[in-house]
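A.B. asks: Here it is, the structure in full.
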Ligand SMILES: Cc1cc2nc3c(=O)[nH]c(=O)nc-3n(C[C@H](O)[C@H](O)[C@H](O)COP(=O)(O)OP(=O)(O)OC[C@H]3O[C@@H](n4cnc5c(N)ncnc54)[C@H](O)[C@@H]3O)c2cc1C
């Protein structure tokens, strides 16, 4: 692989804390940062031929990597940014573009519908995988087609009805298929209004969320009929901490890393929050953050 891909894109024993917004996590045996589908397919083929486990990540903004790290090959797609184009009301973009860049591109084209996502700090591919959403918007409402590569290198295109979207769910959570390109279908809008909406949403986000600290966003999914942050706050858990991991004092729905938290610290906070909320309210909180790797 080293011969066909620049050395700086194939990293051995790379600490995942340097590649995730939580800034937590031990080493990946090998971390590959492909810039194209061709380079990604090469990494997949190499991992397969060596019988190594494969993990695919986007921006690492919804991930908690355990302290022992990840065995095998991790492919992080945030360098994969070959395609970004507009045809009428449709945008085609490589999976590695950050959502904020896709939203800004839509604004420049005078296209509305994806403003809700401008403050979600991940890639387009990760947002499709998670069916990310905010402020009454969700990826399921704007994604019309998705191109994937699977673990044997096969390419497939799915159209909207077959994407298995539900709250924070997509078909890709159950299959070994990786999102490489996305088609969004938006509507014509006014450029200034679109920008004003994004500015307003970003302002609302930074006034409520601890964006100045390391985190992976909302730690828990919204339980039916409740808000996780409200339940945690009502249970008196703001500020609860183990080591440097803490329930944010600004927004109880976020666990933050105050500096040097280990994954073990974060998991202790998560488990204690789950235990005490269940005791107080009889509601089980399911993590939204995806927990991967070895202890
Ligand atoms: C401050 C902050 C605020 C946030 N606010 C929100 C919010 O408002 N709404 C919201 O929904 N989320 C929010 N998040 C969480 C996170 O940004 C989203 O879940 C985002 O969509 C994750 O994208 P990512 O590229 O970082 O994916 P990663 O975290 O890298 O990966 C997440 C999952 O997606 C899979 N994956 C990633 N890319 C691909 C791909 N191309 N193909 C197949 N699988 C893939 C990974 O295997 C992993 O299981 C927030 C996070 C932070 C840190």
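A.B. asks: Consider residue 77 carefully, then state whether it is farther than 24 Å from residue 220 by Cα and near the ligand (Cβ under 8 Å from one of its atoms).
C.D. replies: On the way: farther than 24 Å from residue 220 by Cα: yes; near the ligand (Cβ under 8 Å from one of its atoms): yes.
Yes: the conditions hold for residue 77.
A.B. asks: What number of residues within segment 128-154 are closer than 21 Å to residue 37 by Cβ and away from the ligand (no atom under 13 Å from the Cβ)?
C.D. replies: Residues meeting the conditions: 5.
A.B. asks: Let me ask something else. In segment 246-266, what residues are under 15 Å from residue 16 (Cβ atoms) and not in a loop (DSSP other than H, G, I, E, B)?
C.D. replies: Result: 257, 263, 264, 266.
A.B. asks: What number of residues within segment 200-224 are more than 10 Å from the ligand (Cβ to nearest atom), surrounded by 12 or more Cβ atoms within 10 Å (Cβ to Cβ) and more than 21 Å from residue 57 (Cβ to Cβ)?
C.D. replies: 6
A.B. asks: Residues being crowded, with 21+ Cβ neighbours inside 10 Å and within 13 Å of residue 170 (Cα to Cα): count how many of those fall in segment 106-147.
C.D. replies: 11
A.B. asks: To continue, here is another question. Just the residues that are free of Cβ contacts under 8 Å to residues at least 60 places away in the same chain and part of a strand (DSSP E or B), please, taken from segment 88-132.
C.D. replies: Matches in segment 88-132: 98 only.
A.B. asks: Inspect all residues belonging to segment 146-153 and state whether any of them is in contact with a helix residue (DSSP H, G or I) (Cβ under 6 Å, 6 or more places away or on another chain) and at pLDDT below 95.
C.D. replies: The answer is yes; a qualifying residue exists.
A.B. asks: Next question. May I ask you to verify whether residue 73 is more than 24 Å from residue 184 (Cβ to Cβ), buried (at least 20 other Cβ atoms within 10 Å of the Cβ) and either modelled with pLDDT under 95 or touching a strand residue (DSSP E or B) at 6+ places or on another chain (Cβ under 9 Å) (or both)?
C.D. replies: Working: more than 24 Å from residue 184 (Cβ to Cβ): yes; buried (at least 20 other Cβ atoms within 10 Å of the Cβ): yes; either modelled with pLDDT under 95 or touching a strand residue (DSSP E or B) at 6+ places or on another chain (Cβ under 9 Å) (or both): yes.
Criteria met by residue 73.
A.B. asks: Then there's this: For segment 1-87, which strands (runs of 3 or more DSSP E) that fit wholly inside it have 3 or more residues that are under 20 Å from the mean Cα position of the chain (by Cα)? First the steps, then the outcome.
C.D. replies: Values: elements: 10-15, 27-32, 54-57, 63-65, 70-76, 84-87.
Correct list: 27-32, 54-57, 63-65, 70-76.
A.B. asks: While we're looking at this one, here's another question. Tally up the residues in segment 274-286 that are out of contact with any helix residue (DSSP H, G or I) (no Cβ under 6 Å at 6 or more places or on another chain) and either part of a helix (DSSP H, G or I) or under 16 Å from residue 247 (Cα atoms) (or both), please.
C.D. replies: Total satisfying the criteria: 7.
The values are calculated or read from the model by the stated rules, or taken from the named source; none is laboratory data. Being a predicted model, the structure only gives us computed values, none of them experimental. Neighbour counts are summed over all protein chains in view; Cβ atoms, including those assigned to glycine, are modelled from backbone coordinates with ideal geometry.
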